[in-house]
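Following: one structure in structure tokens, then a few remarks.
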Amino acid sequence: MPAIVVSLSQCDSWEYRVGLGVVATVNDLRLLVGGHRLMLQEGISLEKLFKQYPEIQSGSHAPVYLAGNAELLGVILYSDPVRSESQAVIGELRELGINAYMLSGDVTRVATAVAHELGIAPDCVYAEAFPERKVEVVQTLHERGKMVAFCGDGINDSAALAYADVSISFAGATDIARETADVVLMENDLRGLINAVRIARQAMDIVWQNTALVAIPNLSAVGAGVLFALDPVLAIVINNGSAILAELNGLRPLLGPGALPALEHSLDANALLQELSRWQERTLTTTNIQAESSVNLSPQSHQSINTEANQTKPEDAAEDTPYLKGVSQKELAKRLNVTSQTLSRRRSKSDFVQWSKARDPDGFAWSYQASMRVFYVVAPTAGLEPQLVRR
């Protein structure tokens with residue numbers, strides 16, 4: 001199949017509109033990329049598109065519209081994948097007595113579908129919640145007497161993060177979200193929320209325990225001194241002894257609040273190599289079919305063979321290969337024998353693939369996928385033996 005070369009034009013100017021989209025000028029063409037609110041704001045009607053393609057207004061996908069010089073050019077349908085740990089984390093928060101709310105900028109049907117998948121009650125879902133709406137929801141919950149912890153990682157979340165009692169973000173979040181947040185989860189894993197709640201509750205338990213350990217003996221000693229003759233030495237022992245007990249009790253957090261839930265799989269080198277072999281076999285199959293289809297075929301037959309090739313594309317292997325789906329930062333940090341903080345700093349650098357390969361005990365090279373917040377093995381190229389990914 002011949003390659004299509006597209007030349008990119010220089011962007012003359014651009015403007016990001018919070019909660020709406022992007023407005024840019026390219027070769028004197030004013031382009032709009034964003035949601036339906038941006039289109040309505042610019043006076044661009046979507047009725048003709050909806051009438052011709054009614055399926056755009058149904059399903060679980062979210063639309064992004066593209067317009068140029070006040071004329072609708074097209075629409076991009078996308079689906080934002082849910083974090084793999086989200087459903088379990090929301091269930092654990094519920095067991096801890098914490099109610100989960102979802103504030104989403106997506107349309108109602110998309111937000112409702114995601115909330116149903118995560119087990120969030122319909123009355124706790126706020127769809128098409130743009131920055132100002134998220135702030136209103138946070139303030140409303142606060143006025144009801146609730147303590148609000150807001151978790152977000154985007155520019156649109158920064159205002160709500162500032163108004164929340166506790167704001168939480170991720171190491172991979174936007175700069176403004178990280179700077180606004182009170183707590184940053186360095187491992188980009190929502191299960192850190194459960195650990196944070198355990199730490200906070202353990203800390204408050206220890207505060208109350210220490211208050212009782214100091215107050216009760218000393219108040220008892222004062223009462224005894226008023227009513228009876230209390231030996232001064234005994235009073236000193238009671239006072240200092242209660243203080244020592246409180247100090248020892250304050251050291252209990254060093255034992256930790258408990259480990260995070262175990263991950264679903266471990267990084268076994270042999271299994272990893274087997275899956276890469278399977279990936280390569282499917283890649284070679286696809287490459288051969290595409291090579292055969294490029295020889296004197298009509299457009300119809302070419303399309304037919306390409307369809308068959310797509311049915312055997314390597315991505316299909318990801319359905320039953322967890323390593324090709326990606327692994328978490330904590331798990332890879334353990335494999336490379338580094339801290340999660342070190343991995344968080346190194347993953348965005350240009351030499352990360354070579355650096356990870358040098359540290360991997362089996363010589364596997366790794367790459368970071370920012371949109372999914374997971375790490376992937378850099379698979380061998382077609383025509384090479386899988387063993388070449390080893391040192």
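The values are calculated or read from the model by the stated rules, or taken from the named source; none is laboratory data. Quantities reported herein were computed from a predicted structural model and do not represent experimental measurements. Because the Cβ atoms are built from the backbone with ideal geometry, glycine has one as well, and the counts that use them run over all protein chains shown. These area figures cover heavy atoms from the full protein model, side chains too; ligands, DNA and RNA do not enter into them. Shrake-Rupley method; radii C 1.70, N 1.55, O 1.52, S 1.80 Å.
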*In bins 5 Å wide, starting from 0, what share of all Cα pairs of the stretch 58-114 does each bin hold, as a percent?*
4, 15, 19, 17, 16, 11, 7, 5, 4, 2, 1
*Can you work out the accessible area per residue across the stretch 1-74, with the rest of the protein chains kept in place, probe 1.4 Å, in square angstrom?*
68
*With the full set of protein chains in place, find how many percent of the accessible area of the stretch 82-130 is carbon and sulfur; take the probe as 1.4 Å.*
54
*Cα gyration tensor of the stretch 10-118, axes a ≥ b ≥ c as square roots of the eigenvalues: rounded (a/c below 1.5), prolate (a/b > b/c) or oblate?*
prolate
*Of Arg37, Arg345, Arg335, which has the most accessible area with a 1.4 Å probe, and how do the rest follow in descending order?*
Arg345, Arg37, Arg335
_Output wanted: per-residue J couplings in Hz (rounded whole) for the stretch 39-52, from phi through Karplus 6.51 cos²θ - 1.76 cosθ + 1.60, θ = phi - 60°, x for Gly and Pro._
5, 5, 4, 8, x, 9, 7, 10, 4, 5, 5, 5, 6, 7
*Hey, if you put +1 on the Cβ of every Lys and Arg and -1 on every Asp and Glu Cβ in the stretch 63-171, which of Ala162, Gly105, Cys124 ends up farthest toward the positive end of that dipole?*
Cys124
*asked:* Using C-alpha positions alone, give me the convex hull volume of the stretch 84-224 per residue in cubic angstrom.
replied: 136
*What whole-number value in Å² describes the accessible area per residue of the stretch 80-133 for a 1.4 Å probe?*
54
*Across the stretch 138-145, in residue order, what do the Karplus-derived ³J(HN,Hα) couplings come to in whole Hz, using 6.51 cos²θ - 1.76 cosθ + 1.60 with θ = phi - 60° and x for Gly and Pro?*
4, 5, 4, 5, 5, 5, 6, x
*In square angstrom, rounded to the nearest 10, how much accessible surface does Val75 have for a 1.4 Å probe?*
50
*Karplus 3J(HN,Hα) series, Hz, for the stretch 221-229 with 6.51 cos²θ - 1.76 cosθ + 1.60 (x for Gly, Pro)*: 5, 5, x, 5, x, 6, 8, 10, 7
*For the stretch 151-193, which whole-number percentage of the solvent-accessible area (1.4 Å probe, protein heavy atoms only) is attributable to carbon and sulfur atoms?*
50
